[in-house]
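Heads up, the thing below is written out as structure tokens.
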Amino acid sequence: MQLKFYLLSGLFLLSFLGGNSEILVLISCPTAQPLAEQNCRALRENLRQQQLAAAFPQDYVIKVHIMYELFNYWTLLDALPHLQGQTRLLNAHTEWIIWCQHNTHVSSLRVLLEQLQQQNSQELAYYGHALYDAEATIVHHFAHYKNPTWFPYPMLSAGIIFTGPLLRSLAELVAINASKRHSEFAIDAAHELARYLFDNLSPNASGKLKAPYNSVNGKGGAEDGTDGQMLQHKIILKSAAYICPRANVSPSLSSPSSASLSPKTTDVPCLLHAKPETSPTVLPADLVANGRKVVETASCLHTTSSHMYFAIKTCAKFHKERIPIIERTWAPDARQRKYYSDVAVLRHD
């Protein structure tokens, strides 16, 4: 089988001649973080090397695109029309979309494609590592406040896989309702993506909800996850064992020539997972080696309230009503805090 390789401005694709199925790998990449940009390019190169070294399960055109554009739109939902419109990366031949972040790792693209072959690429579905809220929270706009523990949303850094029909339907819906969907409260892109799919699309053939349901107002059994019949008409994240929060990779996957994952295998290895965020960290001045300060790479540091600055936005009508409550409750633990208001800046040191 003849092989062609193309490299185009942030996009490369590997084409097996005769193949009509397309796999689109998107890497969302923040432009203001040099380390993140480096990781994005490293992931793209790693995927290219995997494609060149391994035999893939069937004829595919595999596109890999570093999506700097996402950060001009803030959320995935806002960026979707760009994928289908200006770039034309998302088209009628796209069977699967593998969404990665700069800190996502693809252990074996070949085995991942074999896994996807066992799934239906024509249904409206998406797969990821499911996260759940233990209680209703303001950052998720108190969604499903009666019982938020049943509602899954994806861990973005672990990667998400969409079927082509779902992402095309979603892109069209977002483009049509762009002016209606706009909200100033885009906080958690993963949860808001799951909510938007849940509220606006159905797994039926058309993808459109036959009976619109608003999960925000608390009406209907789907609000607390107890109405099984209602949930059958909703698109909910499907948890995939091969998408993991951290590495748990079989040693055999390190070799491109390793045996394929058997369909009967129950112990599915992690094929997509999140990598720990690392950054250069200068240790305290008293930790030195040979008279030089030691620099290490650490995934986390112990943080106390003295390292945090709290900016609290308010306005005149709430000065007497809300600020005293804050001061009586959690404010004493926020030593460095400042109130920002439309009439004055009130400082509490």
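The values are calculated or read from the model by the stated rules, or taken from the named source; none is laboratory data. Just so we're clear, the structure is a prediction, and the values are computed from it rather than from any experiment. Cβ atoms come from the backbone with ideal geometry, glycine included; neighbour counts cover every protein chain shown. For accessibility, only protein heavy atoms count, side chains too; no ligands or nucleic acids. Shrake-Rupley method; radii C 1.70, N 1.55, O 1.52, S 1.80 Å.
With respect to ILE176, is the statement that it is of a type in the set (A, V, I, L, M) and at pLDDT 95 or above true? In short, no. I'd like to know if segment 124-133 contains one or more residues that are in contact (Cβ under 8 Å) with a residue 60 or more places away in the chain, in contact with a Cys (Cβ under 8 Å, 6 or more places away or on another chain) and open to solvent by 40 Å² or more (accessible area, probe 1.4 Å). For segment 124-133, residues in contact (Cβ under 8 Å) with a residue 60 or more places away in the chain, in contact with a Cys (Cβ under 8 Å, 6 or more places away or on another chain) and open to solvent by 40 Å² or more (accessible area, probe 1.4 Å): present.
Of all positions in segment 143-151, at least one carries a residue that is under 19 Å from ILE243 (Cα atoms), within 18 Å of the chain's Cα centre (by Cα) and assigned by the TED database to the domain that holds THR31. Residues in segment 205-225: is at least one open to solvent by 20 Å² or more (accessible area, probe 1.4 Å), under 29 Å from ILE62 (Cα atoms) and at pLDDT 90 or above? The answer is no, given that none of the residues of segment 205-225 is open to solvent by 20 Å² or more (accessible area, probe 1.4 Å), under 29 Å from ILE62 (Cα atoms) and at pLDDT 90 or above. Selection within segment 84-107: residues that are farther than 14 Å from ALA274 by Cα and small (Gly, Ala, Ser). The member of this set that is most open to solvent (accessible area, probe 1.4 Å) is ALA92. The C-beta contact set for segment 80-104 (first residue in contact (Cβ under 8 Å) with a residue 12 or more places away in the chain, second residue surrounded by 23 or more Cβ atoms within 10 Å (Cβ to Cβ) and among the aromatic types (Phe, Trp, Tyr), distance under 7 angstrom, 6+ apart or interchain) comprises ILE97/PHE162; TRP99/PHE162. Just one of (1) at pLDDT 85 or above; (2) not in a helix (DSSP H, G or I) fails for GLN38. It is (2). Selection of segment 108-123 for residues being open to solvent by less than 20 Å² (accessible area, probe 1.4 Å) and in a loop (DSSP other than H, G, I, E, B) yields SER108, SER121.
Residue count for segment 139-162 satisfying the condition of being open to solvent by less than 20 Å² (accessible area, probe 1.4 Å), farther than 19 Å from ILE187 by Cα and at pLDDT below 90: 0.
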